[in-house]
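Asks: My questions will all concern the structure given below.
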Ligand SMILES: Cc1cc2nc3c(=O)[nH]c(=O)nc-3n(C[C@H](O)[C@H](O)[C@H](O)COP(=O)(O)OP(=O)(O)OC[C@H]3O[C@@H](n4cnc5c(N)ncnc54)[C@H](O)[C@@H]3O)c2cc1C
């Protein structure tokens, strides 16, 4: 299946990757990452929070020794040579300190990927082995105070010197690992207009970093400006081609966004564990708070949303790995990452927002203890807020989702336009099939997902027709369409996974996926109504709304008793129940 094809085709569980189908090799890596986080990172959180960068460096070195930094990097550079699924498990089990996860993410993805995918053989040989082992610390310097979302509006410049080298000047902002990185991937404009990438070493003349930012959270992660004052960069450190820096910048962010989603699900595992254990022991009105329906609802919903996110991430990793294998392995990775950019943005938005929900409920379950620093709940809450801001803000990523779908449709890479036309003919012709009715619960959920997909197609198709090229200016419409597409991706991934579940946990899978679909139905409907009402009025709007009502006839299920069962099992185990 190619990128985004799931929006138009029926889901297929046969080749679906799920946590339950993870190969043994990957389980072993998950175990290694988990033990490293629990035994080496978490006990050192105070040191990180005090900005002990020698310790952060030691941890990176250790992660390198364990093969965690280069889990998906080629063996010839010291990597483990595994796949996207391996990177996903490492990202998600490296949890407990969001600060160290940021340090690790900047190293393993933002600094290594640009060199791996765009470097010359000499650059790869010079930098990759030391970055993958953690001997060198890397950072990625794209943002500036005046250009964050509008990264190509950077004012840093690179002037060519008579000997072919470059003099870089400008100031980069908010650089993760800035305080102690040895190597920076820097973006600057050659001659002031050709956006290009460079590998810049801290030791080069004219390179300094500013003081640490005072942040809301992530106090254990270094964030500083990078100051370039006629920084002397050898010609051999130009990364990729002059004027093609955008390719480096955006392709790296594609996989970075997916990995951010992975880190978010890891944070959710920890918070569910903490909440379950606290709710089991905290007594009010003579009993544990876990016995109150209000708390069961929270624990159940934290699990439901995390399950949908986890299912989405594993499905996407499986699709990407299959596409890379089909394209002949490593040389095809970059094209596949580009092809799955929609999924990467979905993973980033869904991951950051589901984690934020889970951490907010974690604080609430902890009551007053959630608001004071004796418990980690408040730190997790503060640390996670930035996930909606970096790696492309969630607004930018939401806009990218329909934007990329439309672009791919117009290029003929995705048959979205004919599918939308067929659906529209159906709408105008009268009743719209709401998907075949099924007797069993999962069958009903699958029918609901067919209806969600048709809703996504209907709203996007009508928006393309109504606004044409001006659609890019209709951000509210695009964002509402993005939310429908995100709901489709999460809901379908959850239901397909539940359909493969066997054994004692099977009923929990089905209940969890069904609750997600049940609640997604009203979100999809609200979004679609908003889009349709913005585009038409009178009889046309009435026709569209009538079609939507027929399409989204999703019978409600009893989510209360299902959430209670999930919550009770979460408390019994003292952890996320699907691990
Ligand atoms: C802790 C931390 C670590 C970071 N690490 C790094 C790093 O390692 N390397 C790096 O290069 N950068 C890093 N950043 C920077 C980060 O990527 C930027 O902050 C981010 O891209 C947003 O840019 P901005 O802050 O300029 O916000 P702006 O772009 O000014 O956005 C402000 C608001 O306007 C919205 N907005 C902007 N443009 C549009 C638009 N076209 N349509 C609709 N809404 C829009 C945004 O969504 C946001 O809500 C880091 C930031 C932080 C806080």
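The values are calculated or read from the model by the stated rules, or taken from the named source; none is laboratory data. Note that the structure is a prediction, hence the values are computed from the model and not measured. Cβ atoms come from the backbone with ideal geometry, glycine included; neighbour counts cover every protein chain shown.
Asks: Restricting attention to region 153-179, which residues are more than 10 Å from the ligand (Cβ to nearest atom), touching a strand residue (DSSP E or B) at 6+ places or on another chain (Cβ under 8 Å) and either modelled with pLDDT under 95 or in a loop (DSSP other than H, G, I, E, B) (or both)? Spell out how you get there, then give the answer.
Replies: Step one: list which residues in region 153-179 are more than 10 Å from the ligand (Cβ to nearest atom), which gives 155-171, 179.
Okay, now just the ones that are also touching a strand residue (DSSP E or B) at 6+ places or on another chain (Cβ under 8 Å), so 155-161, 165-171, 179.
If the condition is that a residue be more than 10 Å from the ligand (Cβ to nearest atom), touching a strand residue (DSSP E or B) at 6+ places or on another chain (Cβ under 8 Å) and either modelled with pLDDT under 95 or in a loop (DSSP other than H, G, I, E, B) (or both), then 155, 156, 161, 165, 179 are the ones that fit.
Asks: Shifting gears a bit: Just the residues that are more than 10 Å from the ligand (Cβ to nearest atom), more than 21 Å from residue 175 (Cα to Cα) and touching a residue at least 24 places away in the same chain (Cβ under 8 Å), please, taken from region 382-408. Can you show your working first?
Replies: To start, the set of residues in region 382-408 that are more than 10 Å from the ligand (Cβ to nearest atom) comprises 382, 384, 400-408.
Still in the list and also more than 21 Å from residue 175 (Cα to Cα): 400-408.
Those that are more than 10 Å from the ligand (Cβ to nearest atom), more than 21 Å from residue 175 (Cα to Cα) and touching a residue at least 24 places away in the same chain (Cβ under 8 Å): 400, 401, 402, 403, 404, 405, 406, 408.
Asks: Let me ask something additional. Among helices (runs of 4 or more DSSP H) lying entirely in region 471-559, which contain 3 or more residues that are over 23 Å from the mean Cα position of the chain (by Cα) and closer than 30 Å to residue 577 by Cα?
Replies: Numbers: elements: 475-500, 506-535, 538-551.
Fully inside region 471-559 and qualifying: 506-535.
Asks: Out of the residues in region 185-216 that are in contact with a strand residue (DSSP E or B) (Cβ under 7 Å, 6 or more places away or on another chain) and in contact (Cβ under 8 Å) with a residue 60 or more places away in the chain, state the one that is farthest from the ligand (Cβ to nearest atom).
Replies: It comes out as 199.
Asks: OK, next. Of the residues 198, 204, only one is out of contact with any helix residue (DSSP H, G or I) (no Cβ under 6 Å at 6 or more places or on another chain) and either over 25 Å from residue 80 (Cα atoms) or in a strand (DSSP E or B) (or both); which?
Replies: Working: 198 fails: out of contact with any helix residue (DSSP H, G or I) (no Cβ under 6 Å at 6 or more places or on another chain).
When all the criteria are applied, what remains is 204.
Asks: Could you check how many residues of region 544-563 are more than 20 Å from residue 270 (Cα to Cα), touching a helix residue (DSSP H, G or I) at 6+ places or on another chain (Cβ under 7 Å) and surrounded by 14 or more Cβ atoms within 10 Å (Cβ to Cβ)? Quick ask: steps written out before the conclusion?
Replies: Narrowing region 544-563 to residues more than 20 Å from residue 270 (Cα to Cα): 544-562.
Within this subset, residues satisfying the condition of being touching a helix residue (DSSP H, G or I) at 6+ places or on another chain (Cβ under 7 Å) are 544-545, 547-548, 551-552, 554-557, 559, 562.
Of the ones still in play, those that are also surrounded by 14 or more Cβ atoms within 10 Å (Cβ to Cβ) are 544-545, 547-548, 551-552, 554, 557, 559, 562.
Residues flagged as more than 20 Å from residue 270 (Cα to Cα), touching a helix residue (DSSP H, G or I) at 6+ places or on another chain (Cβ under 7 Å) and surrounded by 14 or more Cβ atoms within 10 Å (Cβ to Cβ) within region 544-563 amount to 10.
Asks: Still on this structure, I have one more. Testing residue 221 on (1) farther than 25 Å from residue 60 by Cβ; (2) not in a helix (DSSP H, G or I), one condition comes back false. Which one is that?
Replies: Tallying (1) farther than 25 Å from residue 60 by Cβ; (2) not in a helix (DSSP H, G or I), residue 221 fails exactly one: (1).
Asks: Can you spot a residue in region 236-249 that is without any contact (Cβ under 8 Å) to a residue 40 or more places away in the chain and away from the ligand (no atom under 15 Å from the Cβ)? It would help to see each step written out before you state the result.
Replies: Within region 236-249, the first condition is being without any contact (Cβ under 8 Å) to a residue 40 or more places away in the chain, and the residues that meet it are none.
The answer is no; no qualifying residue exists.
Asks: Let me ask something else about it. How many of the residues making up region 113-146 are closer than 19 Å to residue 246 by Cβ, out of contact with any strand residue (DSSP E or B) (no Cβ under 6 Å at 6 or more places or on another chain) and within 16 Å of the ligand (Cβ to nearest atom)?
Replies: 3
Asks: What residue, of 61, 27, 34, is farther than 22 Å from residue 336 by Cβ, more than 23 Å from the chain's Cα centre (by Cα) and in a helix (DSSP H, G or I)?
Replies: Details: 27 fails: more than 23 Å from the chain's Cα centre (by Cα); 34 fails: more than 23 Å from the chain's Cα centre (by Cα).
Result: 61 is the single residue among 61, 27, 34 that is farther than 22 Å from residue 336 by Cβ, more than 23 Å from the chain's Cα centre (by Cα) and in a helix (DSSP H, G or I).
Asks: So, one more: If you check 291, 301, which single one turns out to be out of contact with any strand residue (DSSP E or B) (no Cβ under 9 Å at 6 or more places or on another chain), at pLDDT 95 or above and more than 26 Å from residue 517 (Cβ to Cβ)? Before you say what the answer is, go through the steps one by one.
Replies: On the way: 301 fails: more than 26 Å from residue 517 (Cβ to Cβ).
Exactly one of 291, 301 is out of contact with any strand residue (DSSP E or B) (no Cβ under 9 Å at 6 or more places or on another chain), at pLDDT 95 or above and more than 26 Å from residue 517 (Cβ to Cβ), namely 291.
Asks: While we're here: Determine whether residue 73 is in a helix (DSSP H, G or I), under 22 Å from the mean Cα position of the chain (by Cα) and over 17 Å from residue 220 (Cα atoms).
Replies: Values: in a helix (DSSP H, G or I): no; under 22 Å from the mean Cα position of the chain (by Cα): yes; over 17 Å from residue 220 (Cα atoms): yes.
Here the answer is no, as residue 73 does not meet what is asked.
Asks: Among the residues of region 90-97, is there at least one that is more than 21 Å from residue 337 (Cα to Cα) and within 16 Å of the ligand (Cβ to nearest atom)? I'd like the intermediate steps shown before the answer.
Replies: Filtering region 90-97 down to residues more than 21 Å from residue 337 (Cα to Cα) leaves 93-97.
Within this subset, residues satisfying the condition of being within 16 Å of the ligand (Cβ to nearest atom) are 97.
Yes, some residue in region 90-97 is more than 21 Å from residue 337 (Cα to Cα) and within 16 Å of the ligand (Cβ to nearest atom).
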